[in-house]
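The values are calculated or read from the model by the stated rules, or taken from the named source; none is laboratory data. Everything numeric in this text was worked out from a predicted model, so none of it was measured. Glycine gets a Cβ as well: all are built from the backbone with ideal geometry, and neighbour counts include every protein chain shown. Calculation scope for accessible area: heavy atoms of the full protein, side chains included, ligands and nucleic acids excluded. Shrake-Rupley method; radii C 1.70, N 1.55, O 1.52, S 1.80 Å.
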Amino acid sequence: ELDYIAVGCENGIVVTYQLNPSSSSGDNGTPQYEFTKVAECQGHTKAVCAIQFHPRGTHVLSSAKDGTARVFDTESGSEMAVLKCEVHDPKGPAPVLPDPSKMKTKDPRMMKRAPQILVRGCAYGDLEGKSIYTVASGKRGPAYLTKWKFGGMKGGGPPGGPP
(Lines give C-alpha, C1' and ligand atoms only; values in the text may rest on other atoms or scores of the structure.)
Protein backbone atom coordinates (compact mmCIF):
# COMPACT_ATOMS: atom_id res chain seq x y z
CA GLU A 1 0.00 0.00 0.00
CA LEU A 2 1.34 3.42 -0.96
CA ASP A 3 1.02 6.44 1.29
CA TYR A 4 0.36 9.76 -0.42
CA ILE A 5 -0.04 13.35 0.63
CA ALA A 6 -1.38 16.17 -1.53
CA VAL A 7 -0.78 19.89 -1.28
CA GLY A 8 -3.08 22.53 -2.78
CA CYS A 9 -1.34 25.72 -3.82
CA GLU A 10 -2.33 29.38 -4.19
CA ASN A 11 -1.54 29.19 -7.93
CA GLY A 12 -4.16 26.42 -8.41
CA ILE A 13 -1.75 23.48 -8.70
CA VAL A 14 -2.26 20.32 -6.67
CA VAL A 15 0.97 18.39 -6.01
CA THR A 16 0.94 14.76 -4.89
CA TYR A 17 3.82 13.22 -2.98
CA GLN A 18 4.56 9.65 -1.96
CA LEU A 19 5.73 9.14 1.63
CA ASN A 20 8.67 6.76 1.90
CA PRO A 21 10.05 5.56 5.25
CA SER A 22 13.53 6.93 5.82
CA SER A 23 16.41 4.74 6.99
CA SER A 24 17.06 7.17 9.86
CA SER A 25 14.83 7.90 12.82
CA GLY A 26 14.16 11.10 14.76
CA ASP A 27 15.78 12.21 18.01
CA ASN A 28 13.21 10.38 20.13
CA GLY A 29 13.05 7.28 17.92
CA THR A 30 10.03 8.40 15.88
CA PRO A 31 10.04 7.22 12.27
CA GLN A 32 11.10 9.70 9.62
CA TYR A 33 9.73 9.93 6.08
CA GLU A 34 11.01 11.25 2.79
CA PHE A 35 8.69 12.90 0.28
CA THR A 36 8.95 11.92 -3.38
CA LYS A 37 7.06 14.13 -5.81
CA VAL A 38 4.67 12.00 -7.87
CA ALA A 39 2.63 14.46 -9.95
CA GLU A 40 1.60 18.07 -10.50
CA CYS A 41 -2.11 18.29 -11.17
CA GLN A 42 -2.93 21.36 -13.25
CA GLY A 43 -6.34 22.75 -14.11
CA HIS A 44 -7.44 25.18 -11.41
CA THR A 45 -6.91 28.86 -12.21
CA LYS A 46 -7.16 30.16 -8.63
CA ALA A 47 -6.19 29.04 -5.14
CA VAL A 48 -7.08 25.52 -4.00
CA CYS A 49 -9.42 25.42 -0.97
CA ALA A 50 -9.77 21.71 -0.18
CA ILE A 51 -8.39 18.30 -1.15
CA GLN A 52 -9.53 14.75 -0.49
CA PHE A 53 -8.22 11.42 -1.73
CA HIS A 54 -10.51 8.84 -3.26
CA PRO A 55 -11.25 6.09 -0.70
CA ARG A 56 -9.06 3.70 -2.73
CA GLY A 57 -6.29 6.29 -3.22
CA THR A 58 -6.49 6.25 -7.02
CA HIS A 59 -7.78 9.82 -7.47
CA VAL A 60 -7.48 13.14 -5.70
CA LEU A 61 -10.44 15.53 -5.54
CA SER A 62 -9.81 19.25 -5.15
CA SER A 63 -11.91 22.41 -4.98
CA ALA A 64 -10.81 25.97 -5.65
CA LYS A 65 -11.73 29.63 -5.79
CA ASP A 66 -12.16 29.33 -9.58
CA GLY A 67 -15.66 27.86 -9.18
CA THR A 68 -14.68 24.28 -9.93
CA ALA A 69 -13.93 20.98 -8.26
CA ARG A 70 -11.63 18.66 -10.18
CA VAL A 71 -10.71 15.00 -10.07
CA PHE A 72 -7.11 14.07 -10.89
CA ASP A 73 -5.33 10.74 -11.25
CA THR A 74 -3.03 10.37 -8.23
CA GLU A 75 -0.13 8.81 -10.20
CA SER A 76 -0.12 10.75 -13.48
CA GLY A 77 -1.75 14.02 -12.39
CA SER A 78 -4.05 13.93 -15.42
CA GLU A 79 -7.39 15.64 -15.05
CA MET A 80 -10.26 13.14 -15.05
CA ALA A 81 -13.26 15.40 -14.48
CA VAL A 82 -14.30 19.02 -13.94
CA LEU A 83 -17.33 19.91 -11.82
CA LYS A 84 -18.40 23.48 -12.59
CA CYS A 85 -20.35 24.73 -9.59
CA GLU A 86 -23.18 27.25 -9.49
CA VAL A 87 -24.43 29.39 -6.65
CA HIS A 88 -28.18 29.90 -6.59
CA ASP A 89 -31.20 28.54 -4.80
CA PRO A 90 -32.07 25.28 -6.59
CA LYS A 91 -35.76 25.90 -5.82
CA GLY A 92 -35.69 29.28 -7.56
CA PRO A 93 -34.77 30.43 -11.06
CA ALA A 94 -31.14 30.62 -12.12
CA PRO A 95 -29.73 34.15 -11.92
CA VAL A 96 -29.76 36.07 -15.20
CA LEU A 97 -27.06 38.61 -15.96
CA PRO A 98 -27.94 41.55 -18.22
CA ASP A 99 -26.89 41.36 -21.87
CA PRO A 100 -23.93 43.79 -22.26
CA SER A 101 -24.95 44.63 -25.85
CA LYS A 102 -28.29 45.99 -24.61
CA MET A 103 -26.89 48.15 -21.83
CA LYS A 104 -26.93 51.94 -22.16
CA THR A 105 -23.30 52.28 -21.10
CA LYS A 106 -20.28 50.67 -22.65
CA ASP A 107 -18.05 51.64 -19.73
CA PRO A 108 -16.52 48.35 -18.51
CA ARG A 109 -16.54 49.63 -14.92
CA MET A 110 -20.33 49.82 -15.05
CA MET A 111 -20.85 46.37 -16.53
CA LYS A 112 -22.23 43.80 -14.13
CA ARG A 113 -19.94 40.81 -13.89
CA ALA A 114 -20.84 37.27 -13.03
CA PRO A 115 -20.36 36.66 -9.30
CA GLN A 116 -17.17 34.94 -8.22
CA ILE A 117 -17.92 31.40 -7.12
CA LEU A 118 -15.79 29.81 -4.43
CA VAL A 119 -15.89 26.04 -4.05
CA ARG A 120 -14.98 25.97 -0.39
CA GLY A 121 -15.09 22.22 0.20
CA CYS A 122 -15.28 18.85 -1.49
CA ALA A 123 -15.61 15.24 -0.34
CA TYR A 124 -16.31 11.76 -1.60
CA GLY A 125 -19.69 10.55 -0.38
CA ASP A 126 -19.18 6.78 -0.39
CA LEU A 127 -16.45 4.14 -0.22
CA GLU A 128 -16.56 3.52 -3.96
CA GLY A 129 -16.05 7.21 -4.77
CA LYS A 130 -19.15 7.30 -6.98
CA SER A 131 -20.66 10.36 -5.32
CA ILE A 132 -18.96 13.67 -4.70
CA TYR A 133 -20.17 16.57 -2.59
CA THR A 134 -19.18 20.21 -3.09
CA VAL A 135 -19.92 23.29 -1.00
CA ALA A 136 -19.95 26.49 -3.05
CA SER A 137 -20.78 30.10 -2.32
CA GLY A 138 -20.21 33.59 -3.58
CA LYS A 139 -17.83 35.89 -1.75
CA ARG A 140 -20.76 36.65 0.55
CA GLY A 141 -24.12 35.04 1.05
CA PRO A 142 -25.39 31.51 1.46
CA ALA A 143 -23.45 28.37 0.60
CA TYR A 144 -24.96 25.48 -1.33
CA LEU A 145 -24.23 21.77 -1.03
CA THR A 146 -24.33 19.83 -4.30
CA LYS A 147 -24.17 16.07 -4.77
CA TRP A 148 -22.54 14.85 -8.01
CA LYS A 149 -22.50 11.37 -9.54
CA PHE A 150 -19.01 10.31 -10.56
CA GLY A 151 -18.31 7.39 -12.85
CA GLY A 152 -14.50 7.62 -12.94
CA MET A 153 -14.35 9.01 -16.49
CA LYS A 154 -11.01 9.58 -18.19
CA GLY A 155 -10.21 12.49 -20.46
CA GLY A 156 -11.63 15.38 -18.42
CA GLY A 157 -15.26 14.78 -19.29
CA PRO A 158 -17.77 15.91 -16.70
CA PRO A 159 -19.33 13.40 -14.36
CA GLY A 160 -23.06 12.75 -14.34
CA GLY A 161 -23.70 16.09 -12.67
CA PRO A 162 -26.08 16.91 -9.91
CA PRO A 163 -29.09 14.59 -9.72
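Determine whether P163 is modelled with pLDDT of 65 or more and not aromatic (F, W, Y). It would help to see each step written out before you state the result.
Values: modelled with pLDDT of 65 or more: no; not aromatic (F, W, Y): yes.
When the stated conditions are applied, P163 does not pass them.
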### Query
For the subset of the range 27-58 comprising residues that are touching a Gly at 6+ places or on another chain (Cβ under 7 Å) and open to solvent by less than 40 Å² (accessible area, probe 1.4 Å), which member is farthest from S137 (Cα to Cα)?
A39
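A64 - would you say it is in contact with a strand residue (DSSP E or B) (Cβ under 6 Å, 6 or more places away or on another chain), buried (at least 19 other Cβ atoms within 10 Å of the Cβ), of a type in the set (G, A, S) and closer than 20 Å to Q116 by Cα?
Details: in contact with a strand residue (DSSP E or B) (Cβ under 6 Å, 6 or more places away or on another chain): yes; buried (at least 19 other Cβ atoms within 10 Å of the Cβ): yes; of a type in the set (G, A, S): yes; closer than 20 Å to Q116 by Cα: yes.
Answer is yes for this residue.
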### Task
Any chance you could count how many residues in the range 127-152 are closer than 15 Å to K46 by Cβ, open to solvent by 70 Å² or more (accessible area, probe 1.4 Å) and at pLDDT 85 or above?
0
### Summary
Listed by first then second residue, the pairs whose first member lies in the range 56-74 and is closer than 18 Å to K37 by Cα, whose partner is of a type in the set (F, W, Y) and modelled with pLDDT of 95 or more, with beta carbons under 6 Å and at least 6 positions apart or on separate chains, are V60/F72
### Query
Of the residues that sit in the range 69-126 and are at pLDDT 90 or above and β-branched (V, I, T), which one is most open to solvent (accessible area, probe 1.4 Å)?
V82
